[in-house]
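Novice: The structure under discussion is supplied below as structure tokens; questions concerning it will follow.
A short reminder: the numbers here are calculations on the coordinates, not readings from a lab. Every value quoted in this text rests on a predicted model; they were computed, and no experiment measured them. Neighbour counts are summed over all protein chains in view; Cβ atoms, including those assigned to glycine, are modelled from backbone coordinates with ideal geometry.
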Amino acid sequence: MRKADLVSRWARMDPASRREVQAWLLGQGSRPQCVARTDEGRYDLRGFSFSGTYVVGDPNVTLGPLWESLDLRAALLDELRLFGTRLKNCLLEGASCRGWRLWGVSVEDCGFGRADLSSASLGSGDWAGGGSEWKRVDFRGARFDNARFGAAAIDSCRFGRLVKVVFEGCSITGSVFMGPLSDVIIDGRRAKPELSADFSDSIFCNSQIIGYSLQRAILPQQNDLRLLRDYPGVVRASLDALSNPTTPLAERAAKILSWLVKSPGAEDSDWCFDISSFGADSHDPLPAFLDELFSRSQSRRIG
């Protein structure tokens with residue numbers, strides 16, 4: 001069935017029945033009889049649509065609604081605010097989830113293939129004693145433009161191509177990243193959470209992992225990828241070497257390093273990045289300048 005047909009069937013439904021379905025999803029009622037199961041055993045909510053911004057759960061109650069075994073493929077779920085909501089064994093492939101805001105949400109064994117999660121906040125730090133959790137979730141094919149994972153626990157998840165995504169303060173374990181990572185920041189500087197993920201099939205493009213120990217990370221074999229162990233000390237040593245920059249190139253390098261020194265990670269944390277992203281174009285000498293500077297600083301620290 002086409003996406004348009006899935007959406008239009010709800011418009012043909014009796015308005016009272018549709019309101020009952022919406023109330024059920026919002027945690028304000030029981031499952032209505034009009035919701036049948038698919039052949040796969042999930043409740044058939046394909047193409048369901050919320051019109052406007054809705055709150056799922058109660059900001060004043062820790063435990064929110066349970067969405068279990070729901071088929072929400074091609075559903076229109078933009079701008080939902082979810083508090084303490086639990087999603088288990090749900091399909092949201094091709095769903096529109098733009099602008100989601102999550103507090104204390106847990107998502108397990110769900111699929112978001114081809115879903116649109118643009119501008120979503122997929123974990124907003126500590127709420128009611130805990131953050132949001134993602135376990136065994138397949139995100140391959142999902143769109144994340146300008147999305148943010150904040151202080152979330154991400155375990156055994158799969159990611160495909162990512163563009164303009166920020167992971168801030170997240171623990172990332174047993175997860176796999178495949179395809180290009182463009183303008184992606186994985187930032188653990190504030191808390192140095194755990195990271196044990198496989199990036200071997202990814203390509204870094206203006207992307208970085210900073211503030212984590214990367215001993216248990218599998219990085220791609222990429223010619224311009226650099227890994228600085230215990231990076232805060234390396235950066236400080238490099239900046240000291242540029243204490244009196246005498247060329248425009250040195251001034252540009254010092255400006256970049258000054259930004260890193262202002263908000264450093266733990267002394268034993270690492271920094272992984274594609275060095276070519278520091279250049280304005282392929283002829284820019286800044287990446288090679290930084291490469292040599294970091295190499296000298298590391299050699300001096302080892303020596």
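Novice: Could you state the per residue volume, in Å³, of the convex hull enclosing the Cα atoms of the stretch 20-178?
Specialist: 95 Å³
Novice: Starting from the amide H of E108, placed 1.01 Å from N in the peptide plane, find each other amide H under 5 Å away whose residue is 5 or more places distant or on another chain.
Specialist: Sorted by chain and number, the residues that satisfy this are L87, K88, N89, K135.
Novice: Just tell me which lysines come within less than 26 Å, Cα to Cα, of K88; anything on the same chain fewer than 8 places away is out.
Specialist: Cα-Cα hits under 26 Å: K3, K135.
Novice: With a cap of 12 neighbouring Cβ atoms within 10 Å, and only residues DSSP puts in a loop, list the GluC sites (Glu not before Pro) found in the stretch 31-133.
Specialist: E40
Novice: When you have a sec, figure out the Kirkwood radius of the stretch 119-268 from all distinct Cα pair distances and drop it here in Å to one decimal?
Specialist: 16.3 Å
Novice: Where Rh denotes the Kirkwood radius from the mean inverse Cα pair distance, what is Rg over Rh for the stretch 94-199?
Specialist: A ratio of 0.92.
Novice: Can I ask one more? State, in angstrom, two size descriptors of the stretch 1-99 derived from its alpha carbons: Rg to one decimal place and Dmax to the nearest whole number.
Specialist: According to the Cα coordinates of the stretch 1-99, Rg and Dmax are 12.8, 40 Å.
Novice: Which of L26, L45, L6 sits farthest toward the positive end of the charge dipole of the stretch 5-46, with +1 on the Cβ of Lys and Arg and -1 on the Cβ of Asp and Glu?
Specialist: L26
Novice: With the calculation restricted to Cα positions, what are the radius of gyration and Dmax of the chain in angstrom?
Specialist: When restricted to Cα atoms, the chain yields Rg and Dmax of 22.7, 77 Å.
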